[in-house]
Amino acid sequence: MQKEENYFKTNIPGFDELTGEGIPIGTAILVEGGPGSGKTIFCLNLAMNACKRGKKVLYMSFEEPEYRLRSHISKFGWDTKEYEKKSLLMIKRFNALDIARSVEALLSEAKKELLIEVQPVLIPKDFKPDIVLIDSLSSIASAFSGEESRFRVYMEQLFRYLESNEITSFLIRETSNPNHVGTSFVERAEAVSFLSDGIIPIYNVFYDNGKRGRAIEVVKMRGTNIKRAVVEADIIPKKGFVVYPNKALKGKYILT
Ligand SMILES: Nc1ncnc2c1ncn2[C@@H]1O[C@H](COP(=O)(O)OP(=O)(O)O)[C@@H](O)[C@H]1O
Ligand SMILES: [Mg+2]
C-alpha cells in the first residue's frame, strides 16, 4: 500500500471514487470539455478544497480576470481572502500574448530550443505552489497561433518544470467536439495529451427528452486504478461541483 500523501484528493463530493487511490502527487492532469461544461468551476472547487487542507495553490487565469474568479468562488460560499492572506492561494491573471512574446525572446537568445527556462515566464518567483491550475491551455495556444512548434517547446518545458518541482497540476483544455477528448487530435496546436499523466473530460449532456445535464469521467490516470464510466455530475448553487460515481449515464443522450 502506498502512503496516502503520495496521492492528491480533490475532495469534490463523489469525484475521488473515480480515481482509486487518488491523483498521484506531481502529475499533470488535463481537464477537458466544451464551453460551459464546468471546467473552471471544477478547478476552482478543488483549489479551494486544497487550500482548506493547507496546500499552496496557484490559479493562473488566461481568460477571466481575478475579480470574476473571486466572485464565482464567493457564490459557492468559499472565501478566498483568508487563504490569500495566509499566502496559501494566489489567483493571477496572465496575458497569453505576453507569454508568447517572452518565449519567442528566450528562444532566440537560447539558440538551442530545449534550453529555455519557463519558470521566469510563468510561475511567480516568490510563490512555491503544491498545486497549479492553468485556465486554459487553449488560450495560451491561441496566442502562439502560426507558431505551433514554439508552443510545443513551451509546453514540454512547462510539463518538465511542473514535474521536477513535484507540482500537481490541472491544465484546462477546451475541446469543441467531445470526440476529441483525450485524443492527440490537434486542435489549435494543442497536441498535449501525450505529455499528460491524466485526462478528466467534463461533458454537457443533451438527453433525448430535451433535458440537459452534466457528466464527467476519468479516461486516463497513470499509476491508479480508475473507474471507467461516464457518470452524472452537477453544479449546485452555494455548494459547488458534485459527482455521482454510481450513476452511469443511461438512456438516449449525446455528449456535447
Ligand atoms: N453560482 C453558480 N451556481 C450554479 N451553477 C453555476 C454557478 N456558476 C456557474 N454555474 C454553472 O457553471 C457553468 C459554467 O461553468 P464554467 O466552469 O465557467 O465552464 P467552463 O467549462 O467554460 O469553464 C455555467 O454555465 C453555469 O451553468
Ligand atoms: Mg472556463
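Where a number appears in this text, it was derived from the coordinates with a stated rule and is not lab data. On a predicted model such as this, the values are computed, not experimentally measured, just so you know. Because the Cβ atoms are built from the backbone with ideal geometry, glycine has one as well, and the counts that use them run over all protein chains shown.
Using Cα-Cα distances under 8 Å and only pairs 6 or more residues apart, what relative contact order does the chain have, in percent?
On the way: 499 pairs, mean separation 74.3, N = 256.
About 29 percent, as a whole number.
In this simple spin-label approximation, SER176 and LYS247 carry label points 7 Å from Cα along the Cα→Cβ vector, and these lie 3.2 nm apart.
Pairwise Cα distances in the chain exceed 30 Å in 25 percent of cases.
Summing Cβ point charges (Lys, Arg +1; Asp, Glu -1) relative to the Cα centre of the chain gives a dipole of roughly 760 debye.
Can you give the FRET efficiency for GLU148 and PHE206, using 1/(1 + (r/R0)^6), R0 = 25 Å, r = Cβ-Cβ distance, to the nearest 0.05? Could the numbers behind the result be given before it?
Working: r = 32 Å, r/R0 = 1.30.
Given R0 = 25 Å and the Cβ-Cβ separation, E is 0.15.
In the stretch 4-255, what % of DSSP beta bridges are antiparallel (nearest 5)?
The antiparallel proportion sits near 45 percent.
The length gained by stretching the chain between LYS239 and ASN6 to full extension, at 0.36 nm per residue less their Cα-Cα distance, is 81.1 nm.
Mean residue ellipticity, 222 nm, helices only, the chain: the sum of -39500 (n - 2.57) across DSSP H runs of n ≥ 4, divided by residue count and rounded to 500, is -8500 deg cm²/dmol.
In this structure, the amide hydrogen of TYR7, modeled 1.01 Å from its nitrogen in the peptide plane, lies closer than 5 angstrom to those of ILE25, counting only residues at least 5 positions away or on a different chain. Taking a 19 Å limit on the Cα-Cα distance, which of the listed pairs LYS55/LYS239; LYS211/LYS250; LYS39/LYS125; LYS55/LYS85 fall beyond it? Long pairs (Cα-Cα over 19 Å): LYS55/LYS239; LYS39/LYS125.
Centroid-to-centroid, using Cα positions, the stretch 142-181 and the stretch 1-78 are 17 Å apart.
Choose one of SER169, ALA141, LEU107: the residue whose Cα lies farthest towards the positive end of the charge dipole of the chain (beta-carbon charges +1 Lys, Arg; -1 Asp, Glu; about the Cα centre). Ranked along the dipole, the leading option is SER169. Here the Gaussian network model covers the chain, with springs between Cα atoms less than 10 Å apart; of THR224, THR27, THR40, THR224 fluctuates the most. If you take the charge dipole of the chain about its Cα centre, with +1 on Lys and Arg Cβ and -1 on Asp and Glu Cβ, which of LEU249, PRO237, GLY36 is farthest toward its positive end? Ranked along the dipole, the leading option is PRO237.
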